[in-house]
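Visitor: I am attaching a structure below and will ask some questions about it afterwards.
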Amino acid sequence: MRETRWNSLAGAASVTRRQVAQSGATLGALALLAPRWARAQSNEKDGMANTIIANARVTTLDRANPEGQALAVRDGLVQAVGPRDEIMRLADRKTRVIDAGGRRVIPGLNDSHTHLIRGGLNYNMELRWEGVPSVADALRMLKEQAERTPAPQWVRVVGGWSEFQFAERRMPTLDEINAAAPDTPVFILHLYARALLNRAALNALGITRDTANPPGGMIEKDARGNPTGMLIAKPSALILYSTLAQGPKLPLEDQINSTRHFARELNRLGITSVIDAGGGGQNYPEDYQVIQRLHDAGELTVRIAYNLFAQKAGEELSDYERWVEMTKPDAGSAFFRMNGAGENLAWSAADFENFLEPRPDLAPTMERDIEKIVELLATNEWPFRIHATYDESIDRFLTVFERVNQKQPFKTRFIIDHAETISDRNIERVKALGGGIATQHRMAFQGEYFVERYGAEAARLTPPIAKMLEMDVPVGAGTDATRVASYDPWVSLYWLTTGKTLGGTPLYGEENVLDRETALRLWTQGSAWFSGEQNVKGTLAPGQYADLAILSADVMSVPPEEIRRINAVMTMVGGEVVHGEKDFADLAPPLPPASPSWAPGGAFASPGMRFASLQPSVRHTRSCHDGCASACGIHGHDHRIAWTNPIPVRDLKSFWGTLGCSCFAG
C-alpha cells in the first residue's frame, strides 16, 4: 500500500485506515437506511464534504459534466465532481479522503432483471462454475465439495456456466459426475434446458424406472428403461424448477448469512442496485422475510426494487387482487421498495428460452388470462413486467396491452423482459404504449444453440439493442441471474461491447455492438428507469445517490478480452463503503464467515474474487481464473486463455498450443 493513500490532501485531515474502517462501521447502518440523512452531522452546518475520492478518473455519465478527477460526497449523495483542486476545497479536517490511485470510478452498476432475493437464500449452498476453465477443473471442484457436504444436503451447481467456456468444449458426462460424487446427491442445472443428477440424487428423489414423466418435462431413460440422471425441459422448464425445489433448504439464520454473502459478492463486481423480478416459489410476503430483516437491521448493501411474481397457475388474478390490497408501488425505502408486478403475470404466458428446443406456442387461453390482470394493474397504476423471449409472444402480449390501454390508459411504465427476437414493428408498439425493454446477456450463454437452430443471420440481432436505442425506447441491462446466466455484470458488458459469447463465438455485426460508454449507460442510467428512479441514481451528478465503484482496470481502455476480468476494488452505496479489497481492504465492513460450515464459499473463491489468494487445497482448481500469475512455468503461456478463446489455437506459447500442455491437465 502506498503511504499516501489515506494521507491528508490539500488541508484535509490525515486519516488512518483503521480510523476510516471504525468510523464507517459505527455509522454504516444509519447511512444505509437513510442515505439522504447520512452520518456526517459534524459537517452539516458548514457545507463541507463527508468523503472525497481523489486522484481518480471519474466517469459520471452526466452529459453536462462527463469527467472529473475527484468526487465529493455529502449526506449520502454526490455533492460535486470536478478537477482535484476544486473538489479539495470542500474538505476540512473532518472529511474522509480516499485516494483512488488513478483508477476509473463509475456509477454503481444496476441489474435491471435478476433474482437476488431467491438467489440469496440459496447462495451458500451453490457451487459456482463461472470462469472455471475446464471440465477437469469443474469435476475436481465437484468432488471436493461432495466430500465436505453432509447428508442430507446436496451439491448444487445452478446456472452461470456454459459448456463452451471449457477447454474441452463439452458438458461433463453423467459417468464423470457419478465418479466425482458417488454418494452425495448432485444437481447440476444447465440453462433452463436440462439438469444432470447423479445416482445418489435419483435415489434421494425416488426417481426409478417406474417414475412417469411429470407435466412439463422428460426423465431420460436408457435402453433398459432406467433413468440416466438427465432431466430435459421439454416442453417447459417446470421439471427443473420442481426438482430443484425438493432439495433441502437452509435454516433461517443461514439464509440470512447466505443473502449477506450474495449481496457482498455483487458489491465485489460493482453492483449497487438490482431489480428483483420475483420467481417461482417466491411467495409474498412469506419468502421476503430474510431480505426484510436485513433491511430493518441496516445490513443491506445493495438497493433492491422488487416485483411480485404470480405463483400458482389458475390463481394468478387472485394473487394480484390480494397484493393490490396489501401494498403499492414504491412502498418501502430507498434500499428496499416494491416495484410492481411480474415477470410472471400468468403461467399461460410463459415462453421459456430454451434454444435447444423449438419455440413454444403460448396457450390459446393466454390473452384471456392476462387481460384481466393487466386491467387490474392499470387501474391501480401498478407498473408491470412480462417475460417475453420471442417476437411471436410479444406480438400477442402487445395486442392485449393495447386493448387494455384503450379502456384504462396506462399511467406508469411497463416492461418487456428479454426480447431476444423482437421485431422493429413491435419495438415501435412498445414505445407507443410508454414501455421499456430490459435486456440480459442470455445470448452469451446460449448463442451457439441459437445459431445452430435458427442460423447465424438470425442471431445477428438477438436482441436488437442498437435498434431499440435508435428508436428511443428505454433500455436497461441485466443478467437474469442466477439459474441460467451468471450474475457477473462484466460478462454482460463484454458481450454488449464485443458481440461474443462466453465461448468466443461472434454473434453480431458492427450494427449491434455497443461502444463502452453506451453499454455502461445501460447498466446504470438505463436500468434506473425500470424502477422509476432515474432522477436519483444512474449517474454521478450532484444530488444523485453516492453509489459508485472504483474499478480494478479501466473499462474505457483495456483490451476487449480483459473487460470480463474487471471487478470493483471498492464499492460505495449511499456514501458508505460496502466492499473493499487490495489497498482498500481495511475500508470493507466486516462480514461473518459463510454458514453453514460446509458452504462452498468456505473452500472456493467466488467468481467476484478475481485475484483471490486461495487455500492450498483448492489453489490448483481456480488459480487459472483467480490469478495464479497465470503463466505456465514450463511454456510461458497464460492459462486464462482457456476462458477467453476457443480451442485449438495456433500459437505454441498459448494455452494447449497444437499439441496440448500437460501443465494444465496435471
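Visitor: To the nearest 20 debye, what is the magnitude of the charge dipole of the range 385-455 about its Cα centre, counting +1 on the Cβ of each Lys and Arg and -1 on the Cβ of each Asp and Glu?
Guide: Around 520 debye, computed over the range 385-455.
Visitor: Starting from the amide H of Arg89, placed 1.01 Å from N in the peptide plane, find each other amide H under 5 Å away whose residue is 5 or more places distant or on another chain.
Guide: For Arg89, no residues qualify.
Visitor: For the range 93-139, report the accessible area per residue in Å² (1.4 Å probe, heavy atoms, rounded to an integer). Walk me through the intermediate numbers first.
Guide: On the way: 770 Å² over 47 residues.
Per-residue value: 16 Å².
Visitor: Could you compute Rg(Cα) / (2.2 N^0.38 Å) for the range 439-495, with N its residue count? Spell out each step's value before the answer.
Guide: Numbers: Rg = 12.0 Å, N = 57, 2.2 N^0.38 = 10.2 Å.
Relative to the rule-of-thumb radius for its length, the range 439-495 sits at 1.17.
Visitor: If you filter the range 62-139 for GluC sites (Glu not before Pro), then keep DSSP loop positions with at most 14 other Cβ within 10 Å, what is left? Could you put the intermediate results ahead of the total?
Guide: Values: sites: Glu67, Glu86, Glu126, Glu130; in loops: Glu130.
Answer by residue number: there is no such site.
Visitor: Okay, next question. Each residue of the range 572-577 in turn: what ³J(HN,Hα) in whole Hz from Karplus with 6.51, -1.76, 1.60 and θ = phi - 60°, glycine and Pro shown as x?
Guide: Taking θ as phi minus 60°, the curve returns 10, 10, x, x, 9, 6 Hz for the range 572-577.
Visitor: Please work out whether the range 117-234 counts as rounded, prolate or oblate from its C-alpha gyration tensor, where a ≥ b ≥ c are the square roots of the eigenvalues and a/c under 1.5 means rounded, while otherwise a/b larger than b/c means prolate and anything else oblate?
Guide: Values: a/c = 1.43, a/b = 1.33, b/c = 1.08.
Rounded is the answer for the range 117-234, as its axis ratio a/c remains below 1.5.
Visitor: Also, quick follow-up: In percent, how large is the relative contact order of the range 403-529, given Cα pairs closer than 8 Å and 6 or more residues apart? Before the final figure, lay out the partial values.
Guide: On the way: 188 pairs, mean separation 33.0, N = 127.
After rounding, I find 26 percent.
Visitor: If you take every DSSP beta bridge fully contained in the range 399-527, what fraction is antiparallel? Give it as a percent rounded to 5. Write out the running numbers ahead of the final one.
Guide: Numbers: 1 of 8 bridges.
Given both bridge residues lie in the range 399-527, the antiparallel proportion sits at roughly 10 percent.
Visitor: Under 13 Å from a label point 7 Å along Cα→Cβ of Thr412: give me every residue in the range 328-353 with its amide N that close.
Guide: Only 328-332, 337-342 pass the distance filter.
Visitor: For the range 180-282, which trypsin sites (Lys or Arg not before Pro) pass both filters: DSSP loop (anything but H, G, I, E, B) and at most 15 other C-beta atoms within 10 Å? Intermediate values should be presented prior to the final figure.
Guide: On the way: sites: Arg194, Arg199, Arg209, Lys221, Arg224, Lys249, Arg260, Arg264, Arg268; in loops: Arg209, Arg224, Lys249.
Taking the range 180-282 and a limit of 15 other Cβ atoms within 10 Å, the loop trypsin sites (Lys or Arg not before Pro) found are Arg209, Arg224, Lys249.
Visitor: Take every DSSP beta bridge with both residues inside the range 500-579 and express the antiparallel ones as a percent of the total, to the nearest 5. Each step should come with its number before you reach the end.
Guide: Numbers: 8 of 8 bridges.
For the range 500-579, the DSSP antiparallel bridge percentage is about 100.
Visitor: Could you tell me which of the pairs Lys249/Lys328; Lys372/Lys411; Lys411/Lys431; Lys328/Lys372; Lys431/Lys467; Lys467/Lys500 are separated by over 20 angstrom between their Cα atoms in the structure shown?
Guide: Too far apart for the 20 Å limit: Lys249/Lys328.
Visitor: I've got another one for you. Can you give the translational diffusion coefficient of the range 267-328 in µm²/s, computed by Stokes-Einstein from the Kirkwood radius over Cα pairs at 4 °C and 1.567 mPa s? Before the final figure, lay out each step's value.
Guide: Values: Rh = 13.1 Å.
Roughly 99 µm²/s, to the nearest whole number.
Visitor: Output wanted: per-residue J couplings in Hz (rounded whole) for the range 141-152, from phi through Karplus 6.51 cos²θ - 1.76 cosθ + 1.60, θ = phi - 60°, x for Gly and Pro.
Guide: 5, 4, 4, 5, 5, 4, 5, 9, 9, x, 5, x
The values are calculated or read from the model by the stated rules, or taken from the named source; none is laboratory data. As the structure is a prediction and not an experimental result, all values here were calculated from the model. Methodologically, a virtual Cβ is constructed for each residue, glycine included, from the backbone with ideal geometry; neighbour enumeration extends over all protein chains shown. Heads up: the accessible areas ignore ligands, DNA and RNA and are worked out on the full protein's heavy atoms, side chains in. Shrake-Rupley method; radii C 1.70, N 1.55, O 1.52, S 1.80 Å.
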